[in-house]
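Nothing in this text is a laboratory measurement; each read-out follows from the coordinates by a stated rule. Please read these numbers as outputs of a predicted model, since none were measured by experiment. Cβ placement follows ideal geometry from the backbone for every residue including glycine, while neighbour counts extend to all protein chains displayed.
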Amino acid sequence: MKYLIVLAAATALAGCSKPAEQEPAAQAPEAAATQPAQVMAADGQPAPGTYRVTTEGGVVFTEELKPDGTYVQTDADGTVVETGRWVQKSPQDYCWTVDEQYREEGDTGAEKCNTEAVGADGVWTSTNADGETATVERM
């Protein structure tokens, strides 16, 4: 009987005492609202930027790759000649899709890709699926 009284008293005291301070539970790291790691261009810098492109035929145009994945291409006079969406899949793989209003006849709007490289001579080239090469300069 004494045992029950002691047990009841201990239980009553335990109910009245402050709970032991507990360490905060380890919180799961919040999912960071980060964007995927940015793929670099052939020159090792982030792909967004402004470029001067010179085709094999000597045509020069400027292309601005915006961070939101869109691009604007202008001719030597500054006239917009093309817009669309771009993606740098790897430093060697640059792809784009032309906006509908700038597509040539027969262009279905499929994504096109160029292979890019900076040669030992430091010249950055971009080669399309037809084997045509353009020189690229970051502005």
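With R₀ set to 35 Å, the beta-carbon distance separating Q101 from V53 gives a calculated FRET efficiency near 0.95. Taking the charge dipole of region 61-135 about its Cα centre, with +1 at Lys and Arg Cβ atoms and -1 at Asp and Glu Cβ atoms, the residue from A76, A134, C95 reaching farthest to the positive side is C95. For region 49-138, the Cβ-based charge dipole about the Cα centre amounts to some 360 debye (Lys, Arg positive; Asp, Glu negative; other atoms uncharged). Counted by Cβ distance under 11 Å from C113, the other residues give a net charge of -1, where Lys and Arg count +1 and Asp and Glu count -1. Sorted ascending by nearby beta carbons within 10 Å, beginning with the fewest, E116, E111, E104 become E104, E111, E116. Taking the number of Cβ atoms within 10 Å of each Cβ as an exposure proxy, the fewest-first ranking of M40, M139 is M139, M40.
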